[in-house]
Amino acid sequence: MIVGIGADVVSVPRFSASLVRTPGLRDRLFTAVEQVTDDGHARTDTSLAGRFAAKEAVAKALGAPLGMLWHDCEVVAGSDGRPWLRLTGTVAAAAASLGVEQWHLSLSHDGDLAVAYVVAEKP
């Protein structure tokens, strides 16, 4: 059963400008794992914008409960390159309170936009 669906769109140039304008924002929004690729290179602003969109989409799928922390929703890549969600702390608690046990995540970017779609399910 679908508990919630979330979608978010991020302007990559606007997001990049925010990262430049606000020192420390990258570390506030993303874990160390999210900030680098599997081969150890810094993730591009476009890729980070997609991950930020995913975090926003997760919040929307959960009904945007107060008190969720950015680092408690981590977007990671599987061995096949597909993105998936690792939830801990406040976000995991919000999901558990709704019975969410399975997540579906899709990320995309084109031109100046990054998009994320999330579906939260319970058995």
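Taking each DSSP H run with n ≥ 4 as -39500 (n - 2.57) and averaging over every residue of the chain yields -10000 deg cm²/dmol at 222 nm. Stokes-Einstein diffusion of the stretch 35-123 at 37 °C, 0.692 mPa s viscosity, Kirkwood radius from Cα pairs, rounded to a whole number: 243 µm²/s.
Highest mean packing first, where packing is the average number of other Cβ atoms within 10 Å per residue, the peptides 90-96, 29-35, 115-121, 79-85 line up as 115-121, 90-96, 29-35, 79-85.
For the pair residue 122 and residue 64, label points projected 7 Å from Cα toward Cβ lie 2.2 nm apart. Measuring between their Cα centroids, the stretch 16-35 and the stretch 54-73 lie 17 Å from each other.
Any read-out appearing in this document is the output of simple, stated calculations on the displayed coordinates, not a laboratory observation. Not measured: the values here are computed from a predicted model. In this analysis, Cβ positions are derived from the backbone assuming ideal geometry, glycine residues included, and neighbour counts consider all displayed protein chains.
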